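Everything below concerns the one structure shown next.
The values are calculated or read from the model by the stated rules, or taken from the named source; none is laboratory data. Computed from a prediction, not measured in an experiment: that's the story for all the values here. Using ideal geometry, Cβ is built from the backbone for each residue, glycine included, and neighbour counts are taken over all protein chains shown.
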Amino acid sequence: MERREWWLWGTAFAVTLLVTLALSTFVLPTKQLEEDLFSFFLLRQAVRGLVGLVLLFDVYTVYQQLQIHRMRRELFKREELFRLINENAADMIAIVDMEGTRIYNSMAYQKILGYSPEELKSSTGIEQIHPDDREHVKRAAEEARKTGIGRPLEYRIQHKNGTWRVLESTSSVVKNAEGKPEKLIIVNRDISDRKRASEALSLSEVSFRSVIENAPYGIYRANAAGQFLRVNPALQKMLGYETQEELFHANLATDIYRDQAEHKKANDLFAGAKGFDVEVEWKRKDDTPLNARCSGRLIEGEHGESHSETYFEVFAEDVTEKRVLEQQ
């Protein structure tokens, strides 16, 4: 398509140039015009002006074509980037109107939930949601309509095979030219495994050990000073350490948190609640930034036991990619 446009533009430019050359021949004197010098002078000046205008038009045409070509290349790059995000994003991205009608669904919906784009278009977003969660989702959508601000929420959605998956949803409101909410951009993440792992934290020590060793998300125990008491392989991989033993020698405050003050602030938050769910800024071993979603609880040590101490039991999820997608 682009090659065809360039060929058409080149042909138009060549024709314009030929017309310019043809007009310029009128500038050359003829025997008849030489007999009337005054008429020849006037004609020559008029043709010169016409040739100048045509040349200016040629220059302007070239400039305009170059600008259009540049804008099309930028648009193509953005479309290519959007296509890559659509095909490779782990999260499910959707755009719906304020009535809940689907406008766009990313390919991740088919990979995670099994529905084809045609099946999604023929249904409303509320149909696959668990009946017990529908009112919760509707209230959140109504709140977004009124306030123009979307809020995170969790709900269950039905897989094509009939099973239920738990989604964590973050929405952003798109407003029209008048400033009124018009669409919702929703980023959904399947957290079914994370929910099961989180629920397993309350099981016995044997069950907990099995869960943390095989969980796809980072799980750890650490005291208030930032010393790790237990870590799982997923946390080690998330933070970029070679072995769990190497991670045990790291300290949360100085080696994991980007800002030591944020570690203290997080500890105060964790200690002041029975359960917590907060996003913090970490760094990997190579100092690359990492956004982590931490949820868990404070475990208070038994009084009178010399080896018992208070510690935090935390479930950590890397949400760096999610934040990049939301910004994109």
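Quick one: how many residues across the range 88-126 are more than 18 Å from the chain's Cα centre (by Cα), part of a strand (DSSP E or B) and buried (at least 16 other Cβ atoms within 10 Å of the Cβ)?
The number of residues fulfilling the criteria is 1.
Between residues in the range 252-272 that are at positive phi and touching a residue at least 40 places away in the same chain (Cβ under 8 Å) and residues that are surrounded by fewer than 19 Cβ atoms within 10 Å (Cβ to Cβ) and assigned to a helix (DSSP H, G or I), which pairs lie under 8 Å by C-beta distance while being six or more apart or on different chains?
Matching pairs, first to second residue: none at all.
Given the structure, is Asn176 farther than 30 Å from Tyr220 by Cβ, touching an Asp or Glu at 6+ places or on another chain (Cβ under 7 Å) and without any contact (Cβ under 8 Å) to a residue 40 or more places away in the chain?
In short, yes.
Identify all residues within the range 147-168 that are polar (S, T, N, Q) and closer than 18 Å to Gln110 by Cβ; write none if there are none. Working first, answer last.
Start the filter on the range 147-168 by keeping residues that are polar (S, T, N, Q), which leaves 147, 158, 161, 163.
Correct list: Gln158, Asn161, Thr163.
Hey, does the range 226-233 have a residue that's assigned by TED's automatic domain parsing to the domain that holds Glu309, over 25 Å from the mean Cα position of the chain (by Cα), surrounded by fewer than 13 Cβ atoms within 10 Å (Cβ to Cβ) and not in a strand (DSSP E or B)? Steps first, answer last, please.
Pass one, the range 226-233, residues assigned by TED's automatic domain parsing to the domain that holds Glu309: 226-233.
Adding the requirement that they be over 25 Å from the mean Cα position of the chain (by Cα) leaves 226-233.
Imposing the further condition that a residue be surrounded by fewer than 13 Cβ atoms within 10 Å (Cβ to Cβ) reduces the set to none.
For the range 226-233, residues assigned by TED's automatic domain parsing to the domain that holds Glu309, over 25 Å from the mean Cα position of the chain (by Cα), surrounded by fewer than 13 Cβ atoms within 10 Å (Cβ to Cβ) and not in a strand (DSSP E or B): absent.
Please determine, by comparing only the residues of the range 262-289 that are surrounded by 13 or more Cβ atoms within 10 Å (Cβ to Cβ) and among the hydrophobic types (A, V, I, L, M, F, W, C), which one is farthest from the chain's Cα centre (by Cα).
Ala271
State all residues of the range 141-167 that are free of Cβ contacts under 8 Å to residues at least 24 places away in the same chain and touching a strand residue (DSSP E or B) at 6+ places or on another chain (Cβ under 9 Å); if no residue qualifies, say none.
Within the range 141-167, Lys146, Thr147, Arg151, Pro152, Leu153 qualify.
Across the range 149-169, what is the number of residues that are surrounded by 14 or more Cβ atoms within 10 Å (Cβ to Cβ) and modelled with pLDDT under 85?
1
Answer yes or no: is there a residue in the range 175-193 that is more than 21 Å from the chain's Cα centre (by Cα), farther than 19 Å from Val319 by Cα and part of a strand (DSSP E or B).
Checking the range 175-193: not a single residue is more than 21 Å from the chain's Cα centre (by Cα), farther than 19 Å from Val319 by Cα and part of a strand (DSSP E or B).
Give me the pairs, please: first residue somewhere in the range 226-245 and at positive phi, second residue anywhere and part of a loop (DSSP other than H, G, I, E, B), beta-carbon distance under 7 Å, and either six or more positions apart or on two chains.
Short answer, once both residue conditions are applied: Gly240/Arg284; Gly240/Lys285; Gly240/Asp286.
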